[in-house]
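The values are calculated or read from the model by the stated rules, or taken from the named source; none is laboratory data. As the structure is a prediction and not an experimental result, all values here were calculated from the model. As a convention, Cβ positions derive from the backbone with ideal geometry for all residues, glycine included, and neighbour counts pool all protein chains shown. The protein model used for the area step is the full one, side chains on, heavy atoms only, and it has no ligands, DNA or RNA in it. Shrake-Rupley method; radii C 1.70, N 1.55, O 1.52, S 1.80 Å.
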Amino acid sequence: MKNLVGTSSSHATGAKAAKKVNFFKALRSLRASREKNENKNSLLRQWHGPLTDQLVLHPGDFGLGKVPAKFKPDATTRVVCGFCSTGCSLDVHLKDGKAVNLSPSANYPVNLGMACPKGWEALTPLGAADRGTTPLRRGADGQWQAATWDTAAKLFCDGFKDIVARHGPESIAFLSTGQICTEELALLGALFKFGMGGVHCDSNTRQCMATSHVAYKQSFGFDAPPFTYADFEESDVLVFIGSNICIAHPIMWQRVLRNKKNPRIIVVDPRRTETAMNATQHLALQPKSDLTLLYGIAHILIANGWIDRTFIERSTVDFETFSEFVRPFTPEKVAAETGLKVDDLLQVAETIHRGKAVSFWWTMGVNQGHESTRTAQAIINLALMTGNIGRPGTGANSITGQCNAMGSRLFANVTSLFGRDFRNAEHRSEISKLLDIPVEKIPAQNSWAYDQIVQGIADGKIKGLWVIATNSSHSWIDQENFNRLAEQLEFLVVQDLYPTTETAERAHLFLPAAGWGEKEGTLINSERRIGLVKNVSPAPGQALSDFSIFRLIARAWGCGEMFRDWSSPEAVFQILKKLSAGQPCDVTGIRDYKMIDDHGGIQWPFSSVQFSVSSFQTESAELKTESLKLETFRERRLFEDGRFFTPDGRAKFLFDLPRPLAEPVDAEYPFILLTGRGTSAQWHTNTRTGKSDVLRKLYPARPYVEIHPDDAARLEIRRNTGVALISRRSRVECMAFITTNVQRGQVFVPMHYGIANKLTRSDFDPHSRQPNYKYCAVRLEAVKK
Ligand code: SF4
C-alpha cells in the first residue's frame, strides 16, 4: 500500500512536473515573443529614459557642433582644470551664468583641444550627494550636528586659542594642499603665521614635490622647473625616470606623440608601465637603484668625453669633483647593483650623446624615494654636463603632480617666507613693510615639515590640527599610525568639499568648502603657467570658498584688520605680484586676471621690466616695443642665457653616495611593494573622481595587486582571487592581478585604494623630507575563501 501510494504519488508528481515544464516553456516563448515585439516597438517608442525632444540635437554654437537642448549654452568661458598639474583649459558651457557642460579648450597652449577623463568629468564631483552644505560639529554622541558659520567660527577660534593658551603657539598646526588657489594658499599661510600666531604648517605638496623644490633650489638657486611643454615636441631624445606619463599626465604624453622627430624614448622604471611599453628602450632596474644608475650613466659619458665642456666651464661649478666622484661607478658595478646589463647602460649613454636635444623628465618614482633629492640632482647633473638645458627640447624637468603644487611652492608661506627666509631678520623686515604687518608677528623660525608635525602629535606637542582640502587619513604614509595619532588630537578641524572623507570622519569640526569651479583664483602648472579658475557653478547650501572661510576666521580670531587689503582673490593676486618683484618668479608684468585669461595663461617669470604691458597688450602678430611675437610669450623656457639663480649665476653639481634602504626585503617579508598611479580616471585618494559614474567605470572597483606569474604560481595565487599583503605595519586583502608588468619579487598596488598606505613605511628623504612611498617589504599569502 505504501509502495502503491508511493507509486501513485510519483505518477502524480511526474505529471505535475511535466505540466510545470510545459508551463515554463510556454512562459519563455511568450516572453521571447513579447521581447521581439518590444524590440520592434522600441525602434519607434521607448518607455524609459529621456523624452524625444530632449534627445534632439540643436546647434550648440561656440564651435560646439550639435548638442541636446539641455546642454545648449548661451555662453562659454575658459577655466583651467583643477585636478593635475598639466593645467589644461576647459571651456565651460554656461546657461544663465551656470555651468551645464564642458569641453577642452581648443586654442590653449597647454592642451590644444584635448582633456583626459578627469577633465571631461570635472563638473560631476560638484554635484555629489555627500557634499558638505553646512558647518558640522561633533556632538557628545559622536554624531555630526549642523551649525551656523558664526558658531563654527567661534568653535574654531575657541578650540585653537584654548590650546595655544595651555600649550603655546607651537601646539597648533595646519596641513594644506596643492589643490586650492594660489591666493587662498597665500591668505592661509599669512593668516596662520601672522594673524593666529602659529608656527608649524605644511602641505600635501610635501608628498609629491618637496624633492623637486629642494633639488632645484640647491642646484639652480631657485625652485625653477626650466621647461615648457613645447619641449616634448622638440626633443630628439626623451628620458623618463620614474614617470608613467602615459597615464599620470596623459595630455603631456599627447604632446610627446605630436613630436615629429621620431624621438628615442628611454624609460627608467622597475615596472613595465604603459609608458615603458611605448619606449624605444626600457630600463627595468631594481627598485631604488636609480641613483646608482644615474651615476653610472654619468661615468660612461665622462669616460667617453661625451660632455659639453664649454657649457660646464661657463655655467656650472664643481664638475671636476663630481667627475672624480663617479669614477668608481663603472658599468660592471652599476649593472650588478641595478640588475641591468652593461650593454643597456652603454646604449643609454650613447643615445644621450647622439641626441641633439635631450630632455630628462622625472616625477614621483624619483621624488618619493629615500634619497630622492640626490636622485633628482643626479638627473640635473646629466643635463648640465651634456649642455642639455636652456635650449628647445632639453632640460632637467620635474613634472609636478597637483594642479597648484607650484603655487604652493612659491606663495604658500609655509616653508619659505614668500620666497624668502623666516630666519633672516632683513627678509622679515622686508615682508613686514611690503605687507604692512608688524615685524614681530612674523615667526623667526621655520615650520616643521609634514612628518615632523605628525611626530609632534605623537610626542604630545601638537594638540590641534586644521586639515584643508587634503585627506591625510588615506594618503599619509603608514596610514594606520597617522589615524591612531589623529584620534589623540584635542581638536581636529577639516575643511573640505565632503564630510565623508576618511580624515573628516575623525574631525571635531567640519567646514564645508566650495570646490573648483565654484570660486575664483589662479593655479600654476608644471611649466610655470599661471591659469585662471572661475566661479561657474554655485556652491551648495552654505558652503564657502576657502578664501571666504579664511577671511571669516580672520575676523573671528580678531586679526581681520591685518588682512583688510586681502579683500578678494584678485586683490591678493596684486599683493603677490608685489611680493614677487625682483624674485626669479617675478610676475609684476601681469596686469590682472583678464590679462591671464586673454592670453591663455602666462608663464612666470613675467616681470614688468622684462615684458612691458603695453607691448603684450598688442594682439597683432608683431609686438611693437620689444619686437617679440606672441608665441614667444606663450612658450618660454628658463636658462637660455646659461645663467642660473645662484649668487654666481652657475648651477651646482650636487651628489652623495647612495644610502641603504630602511626596510630591505628579507626571508620574512620577501617582496618589494611599489605604489603609484593606477589609471587616468583616478585622482589621488579618489575623493572627487570616485563621485563620477563615468570615471568609476574606467578602473577596477576593488583594490588589486600586480604579481608576477612565477611568484603567483609558487604561492598558489590565482587570477582574480583574494590575496593578503602583509607588511610590518598592517595586513590587507585585495584581488590578484597576475602580470609580467612587474618583475619577480616585486608587487604593485595603485595608491588610490586605501590599502596601499596601510602597508607603506614612514621613511623620508633627509633633504626634502618627502616620504618614500616607493619601497617597503611585504609578504603575500593566498586567501583561501
Ligand atoms: S590632464 Fe590633468 S589638467 Fe588635463 S584634463 Fe586631465 S586632469 Fe585636467
(request) Would you mind checking which residues have amide H under 5 Å from G132's amide H? H placed 1.01 Å from N; only 5 or more apart, or other chain. (result) Y498
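Between A571 and N107, what length comes free when the chain is fully extended (0.36 nm per residue of separation minus the Cα-Cα distance, one decimal in nm)? Please list the in-between numbers first.
Working: separation 464, 0.36 × 464 = 167.04 nm, distance 2.79 nm.
Full extension from A571 to N107 adds 164.3 nm.
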(message) Which of the three applies to segment 142-202, rounded, prolate or oblate, going by the alpha-carbon gyration tensor with a ≥ b ≥ c and a/c under 1.5 meaning rounded?
(response) oblate
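Of the listed peptides 390-397, 160-167, what is their order by residue-averaged count of other C-beta atoms within 10 Å, with the highest listed first? Mind dumping the intermediate values first?
Values: 390-397: 23.9, 160-167: 16.1.
The packing order, highest mean first, is 390-397, 160-167.
Going by average Cβ density within 10 Å per residue, which order do the peptides 309-315, 541-547 take, highest to lowest?
Working: 309-315: 15.3, 541-547: 21.0.
Highest to lowest by the protection proxy: 541-547, 309-315.
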(request) Just the number, please: carbon plus sulfur as a percent of the accessible area of the chain, 1.4 Å probe, no ligands or DNA/RNA counted. (result) 52
(request) Calculate the spin-label point distance for Q145 paired with E716, positioning each point 7 Å from the Cα along the beta-carbon direction, and give it in nanometres. (result) 5.6
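Output the peptides 48-58, 237-247, 252-262, 270-280 sorted from most to least packed, where packing is the average of other Cβ atoms within 10 Å over each peptide's residues. Numbers along the way, then the final one.
Numbers: 48-58: 9.2, 237-247: 24.9, 252-262: 15.7, 270-280: 19.5.
Going from most to least packed, we get 237-247, 270-280, 252-262, 48-58.
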(message) Restricting to Cα pairs below 8 Å that are 6+ residues apart, what does the relative contact order work out to for the chain? Please round to a whole percent.
(response) 17
(request) Step through the residues of segment 387-396 one at a time and calculate ³J(HN,Hα) from phi using the Karplus curve (6.51 cos²θ - 1.76 cosθ + 1.60, θ = phi - 60°), rounding each to whole Hz and writing x for Gly and Pro. (result) x, 9, 7, x, 10, x, x, 10, x, 9
(request) Mind checking the full-extension length gain between E332 and D158? Use 0.36 nm per residue of separation minus the Cα-Cα distance, one decimal, nm. (result) 56.2 nm
(message) Within segment 152-173, list the residues whose amide N lies under 19 Å from a label point set 7 Å along Cα→Cβ of Q488.
(response) 163-164, 166-173
(message) On C-alpha positions alone, give me the angle between the axis of helix 149-167 and the longest principal axis of the chain, in degrees, nearest 10.
(response) 60
(request) Report, in degrees rounded to the nearest 10, the 0 to 90 angle that the Cα long axis of helix 290-303 makes with the longest principal axis of the chain. (result) 50
(request) State in Å² the accessible area per residue of the chain; use a 1.4 Å probe, count heavy atoms of protein chains only, and round to the nearest integer. (result) 40
(request) Please label the shape of segment 429-578 as rounded, prolate or oblate, based on the square roots a ≥ b ≥ c of the eigenvalues of the alpha-carbon gyration tensor (a/c under 1.5 means rounded; beyond that, a/b larger than b/c means prolate, else oblate). (result) oblate
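Using 0.36 nm per residue of separation minus the Cα-Cα distance, give me the extension gain between S29 and E781 in nm, one decimal.
On the way: separation 752, 0.36 × 752 = 270.72 nm, distance 4.94 nm.
Taking S29 through E781 to full extension adds about 265.8 nm, to one decimal.
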(request) Step through the residues of segment 278-283 one at a time and calculate ³J(HN,Hα) from phi using the Karplus curve (6.51 cos²θ - 1.76 cosθ + 1.60, θ = phi - 60°), rounding each to whole Hz and writing x for Gly and Pro. (result) 9, 7, 7, 9, 10, 9
(message) Taking R0 as 41 Å, what FRET efficiency do you get between H353 and D648 from their Cβ-Cβ distance, rounded to the nearest 0.05?
(response) 0.90
(request) Kindly express, to the nearest 10 degrees and within the range 0 to 90, the angle between helix 425-435's C-alpha long axis and the longest C-alpha principal axis of the chain. (result) 70
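Taking every pair of distinct Cα atoms and averaging 1/r, then inverting, what Kirkwood hydrodynamic radius in Å comes out for segment 338-391? It would help to have the intermediate numbers written out before the result.
Numbers: mean 1/r = 0.0803 Å⁻¹.
About 12.5 Å for segment 338-391.
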